[in-house]
Each structure stands twice: as C-alpha cells, then as structure tokens.
Amino acid sequence: MLFPACASLPAGAPLFQARDYVGDGVFTAGIEGPATGPDGALYVVNFGREGTIGRVVPAGDGTGRASLFTDLPPGSIGNGIRFDGDGAMIVADYKGHQLLRIDSEGQATVFASLPHAHQPNDIARAPSGIFYASDPDWASESGQLWRIDRDGQVKLIENNMGTTNGIELSPDGRRLYVGESVQRRIWLYDLDAEGRASNKRLFASFADHGLDGMRCDRAGNLYVARYGAGHVAVLAPDGREIRRIPTWGKDPTNIAFGGPDGRSVYVTLQDRGAIEHFRTAVPGREYGGSR
C-alpha cells in the first residue's frame, strides 16, 4: 500500500530544530542512504538488520512509521540511495561492488558493476541522469571517484584521493562536491555539458570531527552531516559555514530532503539507529518526485 506524500513536521514548525522521526534502534548502526521516493516516503538502508531497505511514512503525530520495503539480494548491503528519472531506486551495494536498480515492487537488478571499486558508498544523480559514486578504502584512508552513465557504463574519474564519502551536485548540475571523511575536506569540481569533471579545488575543510553525507538545497547551500560533531553544517555556495543545526545523536551519517514542499530534512544517526528531522527555509534540490 502506498501512502500519499505528507509533511512529517507541520509547515509552521520552528526552523532548524531537530526532533525524533524514528526512534532508537529501529535501524542498525549501518543506517544510511536516506532518500525520498516519488511516493513521498523516506527510504533508508538496514531496517532492523543488514541487507534491507526500510520505508518510513508519517504517523500523523510528527513521527514516522517504519516498515520493511525489501530485502536486498543475498550478500548485498546497501549504503547510498537515489532515485532515477523513471522513479526507480538506485542503491550503492558496497558488499557486491555494484549499483542495484530496485523497482516499486522491491525487485532488484544490477544497474552497474564496479568490480574495481573498494566499496561504492554514497551516490549522487545529476540532472542529466548521470550518477557519481564515492568509493572509500577505510583501511588505507584513501579513495576513488566514479561516474556511472545512464546506460550503466562506469568510468573512473580519480583515484589516490582521501576517504571519499559524501557526494552531491549543485542544483544546476554544474558543480560536483566530494567529501573526504578522515581528511575532513570537501573538494569541488566543475562539470561540463557531458558530465566530465575538471578544475578540482578545495571547497571547505574542518578542524575536527568527520563528515559524511551531503545534500544541496535549491539555493545551492550544502548541508553536511558532521559525524562525531553532533550537527549538520550548512555551507554557502562560496564555502562559508552559515549555520549549524544540532542533532540529538552525535554521529549523523546522511541527509535527505522531503515532504510535499521539500523543506523537511531527515538525518540518519549511526549511534542511535534512529532518524531525526527538522524544517528548513529552502527546499532541497531533489526530493520525492521533484528532481
């Protein structure tokens, strides 16, 4: 049964104040990859156990009700989630070294194989339909960056990076942001009309704690999950930190925009196995059926 899209927090709720959406331990410590689908529901990996995807809908009291959406193929464990232009879910399967395509019934097929990846981790979809994937090697504190074309063909953009993790695009699709968790840096690339990356430069860096998933709003501000710091940092398009949004948990792993107006922000918390949410002033660049 599909539930209609509706707001998790009232439209008039105070901005930038995190509250519980799904409580402690509903998801595992591997909670990650939040994304809102065309049906308005929030999808998150590792509901109850590894290798699953949960579906969360508003319960009507400002919280969410989580249930099992699907089990991934045996041996697969998901991380990042995005939706393609047809509304199908694309999941980074870091155990299977591939991206899975999952239809509305929960049936999975292989969209792209990345046999030379360490572990495809987080993914971002450009307006053109091209995907980009981070690929960390935590043991060596290094990583790679991949491009996945609409036909599933894979190209290595760069290796010998730091521990690549969060990844996102600007609303116009012309800028690609890639975070390195251990090194606490975010790099910025220019993208041309064909999706080729160039002109790499440092966008932002942090003196402490880590960084994980990232999402842009429609004004081009970048929301960054600050793992270990217990907040979401908001960076302006010029890299300045313009806001910190405290979370109840200390280890936020990723972020997604949602709600009918795109101004509800969902944050996954590793230390809690929970989801928090807050309202923001500007809609996300992608949410639900809007991308």
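In table form, for the structure just shown:
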| item | result |
| --- | --- |
| Candidate lysines - alpha carbon under 16 Å from LYS95, same-chain residues fewer than 8 apart omitted | none |
| Cα gyration tensor shape for the range 45-145, rounded if a/c is under 1.5, else prolate or oblate | prolate |
| Heavy-atom accessible area order for SER198, SER170, largest first, 1.4 Å probe | SER198, SER170 |
| Qualifying aspartates and glutamates (Cα of each under 18 Å from Cα of LYS200; at least 8 residues distant if same chain) | ASP135, GLU158, GLU168, ASP172, GLU180, ASP190, ASP192, ASP238 |
| Peptides ranked, highest mean first, by Cβ atoms within 10 Å: ranges 126-133, 111-118, 263-270, 247-254 | 263-270, 247-254, 126-133, 111-118 |
| Loop-resident sites, the range 168-252, for GluC sites (Glu not before Pro), counting at most 16 other Cβ within 10 Å (DSSP) | GLU194 |
| Local electrostatic count at ASP212 - Lys and Arg +1, Asp and Glu -1, tallied over other residues with Cβ under 9 Å | -2 |
| Global geometry of the chain, whether rounded, prolate or oblate, following the gyration tensor of its Cα atoms and the 1.5 cut on a/c | rounded |
| Per residue accessible area of the range 180-291, 1.4 Å probe, in Å² | 36 |
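The values are calculated or read from the model by the stated rules, or taken from the named source; none is laboratory data. Everything numeric here is computed off the predicted structure, so don't read it as measured data. FYI the Cβ positions are ideal-geometry reconstructions off the backbone, even for glycines, and counts take in every protein chain you see. Side chains included, ligands, DNA and RNA excluded: accessible areas come from the protein's heavy atoms. Shrake-Rupley method; radii C 1.70, N 1.55, O 1.52, S 1.80 Å.
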